[in-house]
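The values are calculated or read from the model by the stated rules, or taken from the named source; none is laboratory data. Quick caveat, the model's predicted, so the values are computed rather than measured. To get the accessible areas, we keep the full protein, side chains included, count just its heavy atoms, and leave off ligands, DNA and RNA. Shrake-Rupley method; radii C 1.70, N 1.55, O 1.52, S 1.80 Å.
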Amino acid sequence: MTSTTKYLADCIFCKIIKGEIPSYKLLETAASYSFLDIGPLSKGHALIIPKYHSVKMHELPDENLTDVMVMAKKIALGQGIENYNILQNNGRIAHQEVEHVHFHVIPKPSDDQGLVLEWKTLPKNPDPTEAAKEMTEIQKKVHDFDRRAGKW
């Protein structure tokens with residue numbers, strides 16, 4: 001097992017990667033596996049799963065994340081469609097159904113096909129002091145993360 005692979009015995013996506021559950025494979029690398037979604041939102045809806053089992057994206061090694069995004073680009077180009085969504089959810093309330101990091105590449109051929117979003121924005125914050133405070137808090141956490149060599 002390399003640093004790009006880690007499997008969980010009872011994970012449905014790990015079983016697909018290992019060939020224990022059939023799939024319509026599109027692409028495979030040492031670090032990632034992609035296949036057609038069995039419940040597509042549009043024709044060509046694909047899933048990309050890293051071969052490293054983690055539940056959320058921030059737990060995924062950078063090398064796997066890089067590989068997944070390159071694969072997403074190839075699949076989007078292979079779909080031959082101008083409009084598409086790349087979707088990735090982290091946690092149940094963020095609509096993650098399978099507890100294995102995965103990315104959807106969803107063709108959007110028309111307004112009524114593909115992913116439909118309802119974007120619920122918060123009220124605009126007219127106070128620049130509050131926005132600056134939020135920015136500073138996030139920047140500090142990112143810099144602290146970088147200083148600890150990728151460990152939160």
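A few comments on the model shown:
- Global geometry of region 65-134, whether rounded, prolate or oblate, following the gyration tensor of its Cα atoms and the 1.5 cut on a/c: prolate
- Computed as a quarter of the hull surface, the mean projected area of the alpha carbon convex hull for the chain stands at 11.5 nm².
- Listed values for region 53-58 are Karplus-derived 3J(HN,Hα) couplings in whole Hz (6.51 cos²θ - 1.76 cosθ + 1.60, θ = phi - 60°), namely 6, 8, 7, 10, 4, 5, and x replaces Gly and Pro.
- Distances between placed amide hydrogens fall under 5 Å for Val55 paired with Val101, all partners being 5 or more residues away or on another chain.
- Nearest-ten-degree value, helix 62-79 long axis tilted from longest Cα axis of the chain: 60 degrees
- With respect to the chain, whose longest principal axis is taken over its alpha-carbon atoms, helix 128-147 is tilted by about 50°.
- Rounded to the nearest whole Hz, the Karplus-based 3J(HN,Hα) values (6.51 cos²θ - 1.76 cosθ + 1.60, θ = phi - 60°) of region 98-109 follow the sequence 10, 7, 8, 3, 7, 10, 9, 10, 10, x, 10, x, with x at glycine and proline.
- Taking all protein chains together and rolling a 1.4 Å probe, Asp112 ends up with roughly 120 Å² accessible.
- Of all DSSP beta bridges in the chain, antiparallel share, percent nearest 5: 95 percent
- Under-5 Å amide H pairs with Tyr33, H placed in peptide plane, nonlocal only: Ile49, Lys51
- Computed over the alpha-carbon pairs of region 16-102, the distance histogram in 5 Å steps reads 3, 14, 25, 27, 21, 9, 1 percent, short to long.
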